[in-house]
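Okay, so here's the structure we're looking at.
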Amino acid sequence: MTDPILRAVGLTRAFGGIKAVSDVSIAVRTGSITGILGPNGAGKTTFFNLLTGFTKTGAGEVYLQQERITNLPPHLLARRGLVRTFQLAKPLAGLTVEETVLLPALRVGAGQDRRQARERAAYLLDRVGLAAKAEATSESLTYGDLRRLEIARALMLRPKLLLLDEPFAGLGAGEIETVSQLIHEIRDREEVTVLIIEHKLREFFKLVETVIVMVAGEVVAEGTPAEVVKHPKVLSAYLGERAYEH
Amino acid sequence: MRFFNRTDSVVSLAALALLAAVPLLTSDNYVLGILITAICYAIWAGSWDLLSGLTGRENFGHSLFIGAGAYAAAYLNTAYGIDLGWGIVVAPLVSGTLGALIGLPTLRLQGPYFALATLVASAIAHTLCLLLWRVTGGEEGLSGILPMAGSQSDYYYLVLTIGFVSIAAMKLFALSDAGLVLRAIGSDEAICRAAAIDVDAYKITTFAFSAAFAGLGGALFAGYQLTAAPDLLSSGLSITIVVMAYVGGMGTIYGPAVAALFLALIVEYLRGFGEYRLLVYGLILLVVVRLTRHGFVDPFWRWLKGRLA
């Protein structure tokens, strides 16, 4: 078996005495689509923020392909191939759709040939179905478009590991299907490992291969979607209340 | 469509030619003096816009860098007899360094810290300038700078050239990839960090550039007045520049510069109103800021271009 692409060991972070993330250890298999499931307030986004350097850790370590990356700033992690999206997709005011995707290639020292970068951006926009809107301002997009735009921008960085924070949030059923397919394609064609946080159970379980369940800042279960749903701790802590909604 | 289009280039060169023709039409030193002052304001407002307009991180102490440049040039000249020309070279370095030093701790923070820090830093500099009167000349300032040019019109051409090149350089910077990244930073810093951009380095470097141009304008102004006065460090000047940028249209560089040029001229011509001058000026600003969301100059120019096309 290949080494995990990402390992978190004993990751902990407290805010004002409340442990948002408590002693979380996970390993993400290279090439997998892995999900993190948990009710609101389970610490999933905080966990993402700890992995991606947006929040400083209280304790614990993070390794990307065996290399210790704990508390490195987000922009350096992104350059190493650890790339994230956000729970709330937002437009970049005044930038066109194409410029938004190009953004990672525009920084000083990005070392990317302009023509190649534009070709890559055009290719990605086509892949996410936004080629026709390349010249539009990003503010004119629908929420579903913004979600896919965000994924295109993330892919511009050629990530090794893509962390998606609730990629289905705010999307309709059709759009969820599109994004699901896109995530599958990304993994297969771009050889990207994908780690996803989600709420929407049905689509999520169809998409992911491994699920890590977090409740109140701790990992309570891990396994395939089929295994996880039967786990007693998951049933009581998470599905017990959520099952009625789905 | 990222760089100057033809209309913009032609019109800006025509404006330059018009300003360059003024000394041929009048030898009135008063008129040239007003224009020199107005061009300095244009550099100050344009340079303010470079960081604050593009990223939205508002600098309320731009006068610190203007004053630092003016005093650096004045001090070198009056204390060591170093030619004003060198002062104009050194001033941006002094102000740029100050900008980097102030930006380094404050631009990393979210929230109002940067605005407060710049406001407070300029207030401290103003007070220090008055306290350290043995060096700075206190209320009187540092006077007795040896003029650099033989005539007012020679100096006017120097200021006009440096002013035009500075504003054009800043505009090109704003239109470059760096300018695009800065606008993205202004919109959402977290997205930019996730896009592998060193947001802090961008902001701090740009702030240093912004401060350097302010210092350049400060030195030019001191070279015209032949004095560096503490007024140049005052918060009043900083606020005036912020207002000019709003009127011009933030983030467009040329907008604030053109607005500054006009507002500086209007203030002069309102002298006829005597005591009511600032009241009238204030009313004009109030109307412009109330009626327009993106200032006056930039939307007006876009509208005009639309009509011409």
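The values are calculated or read from the model by the stated rules, or taken from the named source; none is laboratory data. Being a predicted model, the structure only gives us computed values, none of them experimental. Backbone-built Cβ (ideal geometry, glycine too); neighbour counts: all protein chains shown.
Values computed for the structure shown
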item: Region B:267-283: number of residues that are surrounded by 15 or more Cβ atoms within 10 Å (Cβ to Cβ) and either modelled with pLDDT of 85 or more or not aromatic (Phe, Trp, Tyr) (or both); result: 4
item: Whichever residue in region A:113-129 is farther than 17 Å from residue A:179 by Cβ and buried (at least 17 other Cβ atoms within 10 Å of the Cβ) and, among such residues, is nearest to the other protein chains (Cβ to nearest Cβ); result: A:117
item: Unique residue being touching a residue at least 24 places away in the same chain (Cβ under 8 Å), away from chain B (no Cβ under 11 Å) and not small (Gly, Ala, Ser) when the list is A:101, A:97; result: A:97
item: Residues located in region A:151-182, provided they are buried (at least 22 other Cβ atoms within 10 Å of the Cβ), among the charged types (D, E, K, R) and either within 11 Å of chain B (Cβ to nearest Cβ) or over 26 Å from residue A:54 (Cα atoms) (or both); result: A:153, A:165
item: Extreme residue, farthest from residue B:13 (Cα to Cα), among residues of region B:177-204 that are more than 9 Å from chain A (Cβ to nearest Cβ), surrounded by fewer than 23 Cβ atoms within 10 Å (Cβ to Cβ) and not acidic (Asp, Glu); result: B:204
item: Extreme residue, surrounded by the fewest Cβ atoms within 10 Å (Cβ to Cβ), among residues of region A:32-68 that are within 14 Å of another protein chain (Cβ to nearest Cβ) and either over 29 Å from residue A:180 (Cβ atoms) or out of contact with any helix residue (DSSP H, G or I) (no Cβ under 7 Å at 6 or more places or on another chain) (or both); result: A:56
item: Count of residues meeting criterion [over 16 Å from residue B:222 (Cβ atoms) and either charged (D, E, K, R) or surrounded by fewer than 13 Cβ atoms within 10 Å (Cβ to Cβ) (or both)] in region B:140-160; result: 2
item: Restricting region A:81-90 to residues that are in contact with a Leu (Cβ under 6 Å, 6 or more places away or on another chain) and within 9 Å of chain B (Cβ to nearest Cβ), the residue that is surrounded by the fewest Cβ atoms within 10 Å (Cβ to Cβ); result: A:85
item: Boolean, residue B:213 is farther than 30 Å from residue A:154 by Cβ and modelled with pLDDT of 95 or more; result: yes
item: Filter result for residue A:150 (touching a Phe, Trp or Tyr at 6+ places or on another chain (Cβ under 9 Å) and either touching a residue at least 12 places away in the same chain (Cβ under 8 Å) or farther than 24 Å from residue B:200 by Cβ (or both)); result: yes
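Yes/no matrix, rows are residues, columns are (1) assigned to a loop (DSSP other than H, G, I, E, B); (2) away from chain B (no Cβ under 12 Å); (3) touching a Leu at 6+ places or on another chain (Cβ under 8 Å):
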| site | (1), (2), (3) |
| --- | --- |
| A:77 | no, no, yes |
| A:105 | no, no, no |
| A:110 | yes, no, no |
| A:145 | no, yes, yes |
